[in-house]
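Visitor: Before I ask anything, here is the structure I am working with.
Values in this text are rule-based calculations from the coordinates and carry no lab data. Source: prediction; values computed, not measured. Please note: Cβ atoms are built from the backbone with ideal geometry, for glycine as well, and neighbour counts cover all protein chains shown.
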Amino acid sequence: MTESSSPPAATAALRGLPSVDKLLLSLDAARLIADYGREAVIGAVRAALAAARDRVRAGETIDPDPAALLEQTAHQLRRQFAPSLRPVINATGVIIHTNLGRAPLSQAAQQALIDAATGYSTLEFDLETGKRGSRLVHAEAILRAITGAEAALVVNNNAAALVLILTALARDREVIISRGQLVEIGGGFRIPEVMAQSGARLVEVGTTNRTRAADFEGAITPNTAALLRAHASNFKQIGFVETVDLADMARIAHRNDLLAIDDLGSGALLDTAVYGLDHEPTVGESLAAGMDVICFSGDKLLGGPQAGIIVGRQPHLDVLKRHPLMRAIRADKLTIAALAATLDHYRRGDALTAIPVWRMITRPLADIAQHAAAWAAALDPLPVETLASESTVGGGSLPGATLPTVCLALRPPSPDAFLSALREQDRPIIARIERDAVLFDPRTILPGQEADLLAAIRSAWRSSAPIDLSSTGK
Ligand SMILES: *Cc1c(COP(=O)(O)O)cnc(C)c1O
């Protein structure tokens, strides 16, 4: 397509468009260049001009004003440079939401993370001797103090912890596990596949619903290294079910000179049953039962950053610390800083009030209901109501366990269109649909997010539900 093939009026309009160079010399362009860099601005200006030419050729009249073209350029650059990892408001009521980044950090953990990130630190430096130290000591001391374990170790995540444990302690040997625990945890993480990666040989015993102590005992051979318990996480069996008690498992292992390994998954440090939920196995129980090596996540019920935590008997953890794989999966300074600060809440005894996950779990229903009602009042004249519903813990812990809640509810003509409009806001809101209403659960809305939430609901309502409320007399 050349200009000579266009009708005369279009040719004149095309000539009226400013050149790339002229646009770049303007003050607005200088501002864009300061923000996005020269290369990107040139590219975006060229694209805006090419789009303008196409529209002229298609017979449209366009505004040849450089300011209008630069506005399009700026819009294009904003989209191009918008980060794909963005903060969102979690209105779903799922406390440990795996897709939304699991656990939000406590104030102290946020500060520790910033302190570690913005300067130098004692990551691997011993202030007393002035010599090289170990990054492993920072979280280990607190973990030992709060769990009573002999030793502790932190790696990148719990999947890495399990691979390290099996590789270092059971490679080329057999590990016995109950058939009922060969689960897929989510994101395609399958216990049998992880075990295969480690080079440990999986020996399945029992049936899907029932495994007895005799099943473990009968499967032990001279090449067995360990018995493994994997917490079924997001999966629950009810009915005709039998599992081997952890203490029995540890006894069988030790009687046969084997290791008892526990993949606890969520790794609760506090008892969820006290707060109206099902009981989630705790780290303390696993240690008390005599399990030798126990691993769990840092960002599930513990409420800290993504991390894999291993606690247990000193000699076994020493083997793990010296294994070459350890170097590949060690935690970075930001993780260590945020994790140590999170663990410190358990040591001080303020975990329930300081750690967001626990604050959400223990938040009184009356407080939640009061917030839902206040938002409903603030959103007048939108047709809002409050609705009793249920929050869940999520994150592969406490399957099926719910907490009573009261949500703000709206019934837009198209709930899906409304959800989508909520996701398009500057601070996207993630909500859910239940009984044809779009629900906003105050339980997972963090302090300080309310103004953004209400503004986003108003804006999304305007764009997705074009009903003129002022004419209804409301
Ligand atoms: C969540 C979970 C894992 C994986 O932990 P990440 O920290 O996500 O790597 C492993 N095992 C169990 C039982 C789990 O619940």
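Visitor: Quick one: in the range 216-247, which of the residues that are assigned to a helix (DSSP H, G or I) and farther than 24 Å from PRO399 by Cβ is nearest to the ligand (Cβ to nearest atom)? Give the derivation first.
Guide: Just the residues of the range 216-247 that are assigned to a helix (DSSP H, G or I), to begin with: 216-219, 246-247.
Filter once more, so that each one left must be farther than 24 Å from PRO399 by Cβ: 216-219.
Numbers: PHE216: 19, GLU217: 24, GLY218: 25, ALA219: 21 Å.
By that ranking, first place goes to PHE216.
Visitor: Follow-up. With the requirement that a residue be assigned to a helix (DSSP H, G or I) and among the acidic types (Asp, Glu), what does the range 342-359 give you? Give the steps one after another, and end with the answer.
Guide: First pass over the range 342-359, keeping only residues assigned to a helix (DSSP H, G or I): 342-348, 351-354, 356-359.
Matches in the range 342-359: ASP344 only.
Visitor: Filter the range 168-194 down to residues that are within 15 Å of the ligand (Cβ to nearest atom) and in a helix (DSSP H, G or I) and give me whichever is farthest from ALA253 (Cα to Cα).
Guide: In the first step, residues of the range 168-194 are kept if they are within 15 Å of the ligand (Cβ to nearest atom); the result is 175, 177-178, 180-194.
Among the residues that remain, those that are also in a helix (DSSP H, G or I) are: 180-181, 191-194.
Details: GLY180: 19, GLN181: 18, ILE191: 20, PRO192: 20, GLU193: 23, VAL194: 22 Å.
Here the residue is GLU193.
Visitor: Checking GLN197 against (1) exposed (fewer than 15 other Cβ atoms within 10 Å of the Cβ); (2) under 24 Å from VAL311 (Cβ atoms); (3) more than 16 Å from the ligand (Cβ to nearest atom): exactly one of these is not met. Which one?
Guide: Failed condition: (3).
Visitor: Shifting gears a bit: Of the residues ALA68, ALA145, only one is in contact (Cβ under 8 Å) with a residue 40 or more places away in the chain and surrounded by fewer than 18 Cβ atoms within 10 Å (Cβ to Cβ); which?
Guide: Values: ALA68 fails: in contact (Cβ under 8 Å) with a residue 40 or more places away in the chain.
Answer to the check: ALA145.
Visitor: May I ask you to verify whether PRO305 is within 16 Å of the ligand (Cβ to nearest atom) and part of a loop (DSSP other than H, G, I, E, B)? Working first, answer last.
Guide: Working: within 16 Å of the ligand (Cβ to nearest atom): yes; part of a loop (DSSP other than H, G, I, E, B): yes.
For PRO305, the condition - within 16 Å of the ligand (Cβ to nearest atom) and part of a loop (DSSP other than H, G, I, E, B) - is met.
Here is a yes/no grid of residues against (1) touching a residue at least 24 places away in the same chain (Cβ under 8 Å); (2) part of a helix (DSSP H, G or I); (3) closer than 30 Å to THR405 by Cα:
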| position | (1), (2), (3) |
| --- | --- |
| ALA10 | yes, yes, no |
| ARG15 | no, yes, no |
| PRO18 | yes, no, no |
| ARG31 | no, yes, no |
| ALA47 | yes, yes, no |
| THR61 | yes, no, no |
| THR73 | yes, yes, no |
| GLN76 | yes, yes, no |
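Visitor: So, in the range 297-339, how many residues would count as being of a type in the set (A, V, I, L, M, F, W, C), closer than 19 Å to PRO356 by Cα and buried (at least 22 other Cβ atoms within 10 Å of the Cβ)? Steps first, please.
Guide: Looking only at the range 297-339, we keep the residues that are of a type in the set (A, V, I, L, M, F, W, C), and these are 301-302, 307, 309-311, 317, 319-320, 325-326, 328-329, 331, 334, 336-339.
This time we only want the ones that are closer than 19 Å to PRO356 by Cα, so: 301-302, 307, 334, 336-339.
Subset that is buried (at least 22 other Cβ atoms within 10 Å of the Cβ): 301-302, 307, 336-339.
The total comes to 7.
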